[in-house]
Structure formats: structure tokens, C-alpha cells
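The values are calculated or read from the model by the stated rules, or taken from the named source; none is laboratory data. From a predicted model like this one, the values you see are computed outputs, not experimental measurements. Quick reminder, even Gly has a Cβ in these numbers, built from the backbone with ideal geometry, and neighbours come from all protein chains shown. Just the protein is used for accessible areas: all its heavy atoms, side chains included, with ligands, DNA and RNA removed. Shrake-Rupley method; radii C 1.70, N 1.55, O 1.52, S 1.80 Å.
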Amino acid sequence: MKKQIQELLLQSLATLESKEIIPASKDLAIKIENSRGSEHGDFASNVAMTLAKKAKTNPRQLAQSIIDHLPESDILDRVEIAGPGFINFFLDQNAHQAIVSEIINKGEQYGDSNVGANTPTLIEFVSANPTGPLHIGHGRGAAYGAAVASLLKKTGFDVSCEYYINDAGRQMDILAVSVWLRYLQHIGAEIPFPENAYQGDYINDIAIKLHKEHIEKFVLPAENIIPLFKEEDPELKIDGLIKYCIDNLGEENYRVVFDAGLDSILITIKNDLVGFGVEFNNWFSERSLVENNTVNQCIEKLVENDWIYEKEGAQWFRSSKLGDEKDRVLIRENGQATYFASDIAYHLNKVERGFKKIIDVWGADHHGYIARVKASMEALGLSSEKLEILLVQFATLYRGKEKLQMSTRSGEFITLKELQDEVGKDAARFFYIMRKSEQHLDFDLELAKSESNDNPVYYIQYAHARICSVFRQLTEKGIKYLQADALKDVSNLNEPHEIKLLANLARYPDVIENAAITYEPHQLAYYLKDLANDFHTYYNANQFIVEDNKIRNARLTLIEATRQVIKNGLALLSVSAPEVM
RNA sequence: GCGCCUGUAGCUCAACCGGAUAGAGCACCGGCCUUCUAAGCCGGGGGUUAGAGGUUCGAGUCCUCUCAGGCGCGCCA
């Protein structure tokens, strides 16, 4: 609808250009917005004000010329000038009513568009280190990433979702050692446990399973291990333990312990995500980049173009030449590549797989990382404009007024699974995306759980269930409703609440498109609340099942269309649309 | 100290690349169930958009400074 108005405006402006009333210009950015109040019509444009200066006239006069040259159209009832020079468009009733059959005909496809033009798009999100179960902080990234992915799919992007598994690097070695030490303790060895190793109970579970499968294959004498705890620096202590473990268990056995931890945690993560309604097309292993030499090749390429230099025994990347604050280490003094080195290879790989749009969803604590990744892409001759990094601020969990603290290392955190078990998937998913991603999120467990008026999820779902209920009533009363016939009666929709609902239903495709291209799923959440409100108001003001056949049919098709849009919108957020509540 | 994000009603938050009288929910006050689910609806009070300048027809939105909060500034990931 908006597009049609835009087209009319463009034609009028073209006429004015040809008459030289306004100067010709190449790209006219015509902005049409949905009017806020109905007294300003259905749509409004500010072109007259933006063009007035160029046309050397005043806005209201120009607005009049524009209106005078608008082509005839049956979708418009009237057009008015208002305020400083706004042009307000009032839609004809028929145009409003036509949306009902459009929605019913398109069904689940209502709201789809092709602005994405099948652009190959990769969205990487969650990508939590496999060192423990997902906690509620990861949940926000999961819900947000999944929602953005769904929106992009709906708007015609060819989307692939990916989880990057950080299965290489020091954190994973710490995990392996944590498992190994718990395993030794489980067998009965009197060995301490470092405070900076992973403390969670899940480590014990993995250790016990390891013992069950491999018996005492990984036992080393405790008297050789205990001296390693004399080291005072906790970081050096754990490094010593890692080294001892690898050296004395042997690469092969160490890998078994390492993989026991990795695999077990990864399975948990996958299951939790599936339960949360989040599925990935691909799980990409960091280790694979190291093992198939992509990381080395990448570094060689940078060396060739003089992006690398040596300092203090390490290999540095000249990221400061490309907008970063400082240069960054790629190869440490000990010969190990840094996480950043893998990440350069990973982003190169993403481009080489043919993705034209690459989206990374990161926690806000990684923002300092953006400049170096973009720098690395430029250094490799790739356009960093393909890369879109979306930051998600942290979520703070509250139980009523009480703030719940957490940290992964200490093992004191609320997992995503626990959250879901407590508040349910629907509320969890909705609450996570309800706020703009760059806003800190206060997640109140009590509120999410409450099956009451304060909970927006139920408010929307209730609208859906109520509509389903009306149709059940219809059946009970034995009243016939034939959709195809009923659609012919939509001209009976003229009550103020009906017009409001029709107008809001028509907005849906715009909402989806805008939410998608700005990566803001919260817009959809707000829209659905608004739509649900329109419906509840209508429900309370007008009776649907009335004597008059035509009016009854018209109203039923309207709420049927409403039901469809609510269902479509909730589906995008992976929130269910119950038929009974 | 430097960089990024945030600051809107008592609380939690919206405000569509700068638009018209800044909007919702919660909380508070007052109404609506012999009629399709009251998990609902209607009405009311509540604001110097942290503060000060600037840009222009027009600023919560853009620029500068100040104040407050969060995060980052590793040869960790």
C-alpha cells in the first residue's frame, strides 16, 4: 500500500520536474510514513518540506502543486495539506478492506518480500565456548540471532545460520585439565583443584563418564602432580598442569580426555538450543581451520603483503594501519597462534564460501574486537563492508527485585535450560527480543512466569486463542461460515475499530521489512502487542457472531485475518500460537 | 587516561535513515462480565527526553562539551 502511494507521488513529482516547477534530481528519497493519528490520514509525506528550498517556494504551496498533479487513483479517498506542509493521504474504504482477502489468500506467506534478492547471507551467532552449558547471557544472543535470521529469510535473503565452535586454544585446554583432575579425584587421588579451572558439576559428570568408558587409562601418579600446585601464579599453575598432562598422557590420550569434555558439552549445547527453538545449518570447528592449515596460509598471505612483523619473539599484525587502536599478536612467543589468527582465517573462509552478507552476533564485551577483524579483512583485500557485526548487550536476571549474579568459571550461573524449564520457551524467547539489542536487558523471572495481565506474551497469545474460540462457538451454534463467500462481504467493515484493525494489518509487511533490514526484531514484538490490543478492543466493543449474515461474515473474515497475522508474527519469533488458553 | 554503548513518566521500555500534541505496559485512582474466554476493555492523573550550547523550516533523534552508568583497552577467548 505504501509502495502504491509512493508511486503516485513519484509520478506527480516527475510531472512537476517536466514542467520545471521543481528542479530535476536523480535520486529523490521519498519518505512516506504511517501517520500516527487518524486525523493525519493513513500515510503522510514530507517531500514538500524537503523540496521547498530547491523549488524556491514555500512548502504548503509546493504541497498543493504536488497534490494537483497526483494521478487519479481509486485507492485514495482524499489528500490534504496539513501543518507546515505535510501531505496526508486518506485511503478509500475499499483499499482498507482489500487487505483481508490478501491476508487470507497469502496465509503464511503474508508479509514475505524479496528485498533480500536471494543474497547469500551467513549469520553466525551464539558461538559460546564449549566449556560449559549455555547460560542466560547466551540465551539473548540465541534468541536475537535466530529472530534476525528468520526475518531475513522472510524478506528474501538466502540465509545460513552458523555456530563457530571454539574448540582450539587455551580455554579448551583448561577444560581438558579440569576434566582430568576431576577424573583423578573421582578415582580417589588426593589432588587439589585449581580455583581458575572449571568448577561446575558438569565437569564431574564428564569425568565419571570418562572413567566408565576408559577405566584407569589416564591415571598418573599423584605424587608427580601435586608439586605442580606449588606454583603461586594461578595462570602459570594451570599452564604447568596442561603441559604435564599433554607430555605424560601423550598427545593421543590427551585428545581423548579433551574430546570427552568437548563432545559432551557440545551435545548439551545442541540439545539446549534445539529445545529453545534455535537450529543451525552448520557447526563450524575452529580446530579444522588450524588442522587443515587455513590459518597458516592466511598468515603467509599477510606476510607476503607486509602486514606482519616480528617483535619480542611474537608475530604482529599491523592492524593499527587499518583503523585499529594498536597492532595485534597473531603468533605468540611460544609459537601458538592466537584466537584472532583463527578468526582471520574464519572470516576469509566465510567470504570464500560465497557469502555476500556476513553477520556476526557478538556479546557487547567483544566490541573492542570489531576494528581488528575488519582490519584483517581489508588487509586480505576483502571488503569489510560485507561484514556486519551486531552487538548484544548483557542480560541481567532478576527474580522480582533480587538481582542474580553469575560467572561461568565459578560454576554459579543459571543455565538457559533452567530458564526455559522455569518460564517456558515462549516467554523466554519473547522477553529476550522485546528490548532493542543494544539496550541492557533486565530479565525478570517473576514477570516472565506470571500468567497474568502484566505478561506481554500471554497478551498476544490470548488474542490468538480468543479468535480460535470464536470459531469454536460458531461451530457449536451450528452457524455456517464459508470463507470464499464471506470475503465478498468485507465492504461491511466500517466501524472505527474495524478500520483501525484493517490499517494495522496492512502495516505488517512494512514492519517485517523494516525489522529485517535494521536487524531489530523488537519492532515485531511491539507491533504484535499493538495488533493484539486492537483486537482486544474490537472484541470488547463489537459482537462478532451477530444475526446479520453479511456483517457476521465480514467480521469473521477480519478476525480470521488477524489470527493469521498474529500467528505469522509469533512464528518468526518461535513463539507458539495456542488455540486454547 | 583512551575507545564503544546507554541515559525518555515512580518502575521497565517504544518513538519507523530529523517531522505534527513524545507513546505503551506495570504501579496508582475510577468504571465495564444475564452477550463470542475479565489472561480482556474504557476513562483519569503522571514529562524541562541527564544538563549546557550548536546545526535548520523543525531535534528525544545530528554535532560539541559536561555529568552519570555499563563494557572494553592480554602474547585469554
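Restricted to region A:547-561, and to residues that are β-branched (Val, Ile, Thr) and within 13 Å of RNA strand B (Cβ to nearest atom), which residue is farthest from A:SER469 (Cα to Cα)? It comes out as A:ILE551. For region A:426-437, the condition of being within 8 Å of RNA strand B (Cβ to nearest atom), at pLDDT 90 or above and closer than 26 Å to A:ASN540 by Cα holds for none of the residues. Might you check whether a residue that is in contact (Cβ under 8 Å) with a residue 60 or more places away in the chain, more than 25 Å from A:ASP421 (Cα to Cα), open to solvent by less than 10 Å² (accessible area, probe 1.4 Å) and aliphatic (A, V, I, L, M) occurs anywhere in region A:145-163? Looking through region A:145-163, at least one residue is in contact (Cβ under 8 Å) with a residue 60 or more places away in the chain, more than 25 Å from A:ASP421 (Cα to Cα), open to solvent by less than 10 Å² (accessible area, probe 1.4 Å) and aliphatic (A, V, I, L, M).
Taking A:ALA176 as the residue in question, decide whether it is within 14 Å of RNA strand B (Cβ to nearest atom), open to solvent by 20 Å² or more (accessible area, probe 1.4 Å) and touching a Leu at 6+ places or on another chain (Cβ under 9 Å).
no
Just one of (1) within 24 Å of A:TYR369 (Cβ to Cβ); (2) touching a strand residue (DSSP E or B) at 6+ places or on another chain (Cβ under 7 Å) fails for A:GLY354. It is (1).
Each row is one residue, and each column tells you yes or no for (1) under 28 Å from A:GLU418 (Cα atoms); (2) within 16 Å of RNA strand B (Cβ to nearest atom); (3) open to solvent by 50 Å² or more (accessible area, probe 1.4 Å).
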site: A:ILE203; (1), (2), (3): yes, no, no
site: A:ASN224; (1), (2), (3): no, no, yes
site: A:ILE269; (1), (2), (3): yes, yes, no
site: A:ASP272; (1), (2), (3): yes, no, no
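The residues on offer are A:LYS401, A:LYS374, A:LYS311, and the sole one that is in the same structural domain as A:GLY141 (by TED's automatic domain parsing) and either free of Cβ contacts under 8 Å to residues at least 60 places away in the same chain or within 9 Å of RNA strand B (Cβ to nearest atom) (or both) is A:LYS401.
The single condition from (1) closer than 24 Å to A:LYS2 by Cβ; (2) out of contact with any Cys (no Cβ under 9 Å at 6 or more places or on another chain) that A:VAL546 fails is (1). A single member of A:LYS326, A:LYS301 is under 17 Å from A:ALA375 (Cβ atoms) and in contact (Cβ under 8 Å) with a residue 24 or more places away in the chain, and it is A:LYS301. Being out of contact with any strand residue (DSSP E or B) (no Cβ under 8 Å at 6 or more places or on another chain), basic (Lys, Arg), farther than 25 Å from A:PHE258 by Cβ and within 11 Å of RNA strand B (Cβ to nearest atom) is a property that does not hold for A:LYS321.
The residues on offer are A:TYR527, A:TYR481, A:TYR519, and the sole one that is among the hydroxyl-bearing types (Ser, Thr, Tyr) and farther than 30 Å from A:LEU391 by Cβ is A:TYR481.
Among the residues of region A:111-133, what is the count of those that are of a type in the set (A, V, I, L, M) and surrounded by 23 or more Cβ atoms within 10 Å (Cβ to Cβ)?
Residues that pass the stated criteria total 4.
Considering only residues in region A:508-534 that are farther than 27 Å from A:TRP362 by Cα and more than 8 Å from RNA strand B (Cβ to nearest atom), the one that is most open to solvent (accessible area, probe 1.4 Å) turns out to be A:PRO509.
When A:ILE344 is tested against (1) β-branched (Val, Ile, Thr); (2) in contact with a helix residue (DSSP H, G or I) (Cβ under 6 Å, 6 or more places away or on another chain); (3) in contact (Cβ under 8 Å) with a residue 60 or more places away in the chain, only condition (3) is not met. When the residues of region A:316-356 are filtered to those that are assigned to a helix (DSSP H, G or I) and touching a Ser or Thr at 6+ places or on another chain (Cβ under 6 Å), the one that is surrounded by the most Cβ atoms within 10 Å (Cβ to Cβ) is A:ILE344. Condition test on A:ASN293, is it at pLDDT 95 or above and either out of contact with any His (no Cβ under 8 Å at 6 or more places or on another chain) or open to solvent by 40 Å² or more (accessible area, probe 1.4 Å) (or both)? So A:ASN293 fails the test. Only one entry in A:LYS480, A:LYS488 is within 27 Å of A:VAL580 (Cβ to Cβ), of a type outside the set (A, V, I, L, M, F, W, C) and either open to solvent by less than 20 Å² (accessible area, probe 1.4 Å) or away from RNA strand B (no atom under 11 Å from the Cβ) (or both), namely A:LYS480. Considering the conditions (1) more than 29 Å from A:ASN94 (Cα to Cα); (2) open to solvent by less than 20 Å² (accessible area, probe 1.4 Å), A:THR50 is excluded by exactly one of them, (2). Considering (1) modelled with pLDDT under 90; (2) surrounded by fewer than 16 Cβ atoms within 10 Å (Cβ to Cβ); (3) not in a loop (DSSP other than H, G, I, E, B), the lone condition that A:ARG60 does not fulfil carries the number (2). Here A:VAL278 fulfils each of the conditions (1) surrounded by fewer than 20 Cβ atoms within 10 Å (Cβ to Cβ); (2) assigned to a loop (DSSP other than H, G, I, E, B); (3) in contact (Cβ under 8 Å) with a residue 60 or more places away in the chain; (4) not polar (S, T, N, Q) apart from (1). Filtered by the rule that a residue be loosely packed, with under 14 Cβ neighbours inside 10 Å and within 16 Å of RNA strand B (Cβ to nearest atom), region A:70-110 gives A:ARG78, A:GLY83, A:PRO84.
Of all residues in region A:100-148, which are of a type in the set (A, V, I, L, M) and either more than 30 Å from A:PHE258 (Cβ to Cβ) or in contact with a strand residue (DSSP E or B) (Cβ under 6 Å, 6 or more places away or on another chain) (or both)? Across region A:100-148, the qualifying residues are A:VAL100, A:ILE103, A:ILE104, A:VAL115, A:ALA117, A:LEU122, A:ILE123, A:VAL126, A:ILE136, A:ALA143, A:ALA147, A:VAL148. In this entry, A:LEU441 is excluded by the filter for residues that are near RNA strand B (Cβ under 9 Å from one of its atoms) and surrounded by fewer than 18 Cβ atoms within 10 Å (Cβ to Cβ). Do we find that A:ALA29 is under 30 Å from A:PRO509 (Cα atoms), outside any loop (DSSP other than H, G, I, E, B) and either modelled with pLDDT under 85 or touching a Lys or Arg at 6+ places or on another chain (Cβ under 8 Å) (or both) in this structure? No: the conditions fail for A:ALA29.
Please find, among A:LYS477, A:LYS436, the residue that is more than 19 Å from the chain's Cα centre (by Cα) and in contact (Cβ under 8 Å) with a residue 40 or more places away in the chain.
A:LYS477
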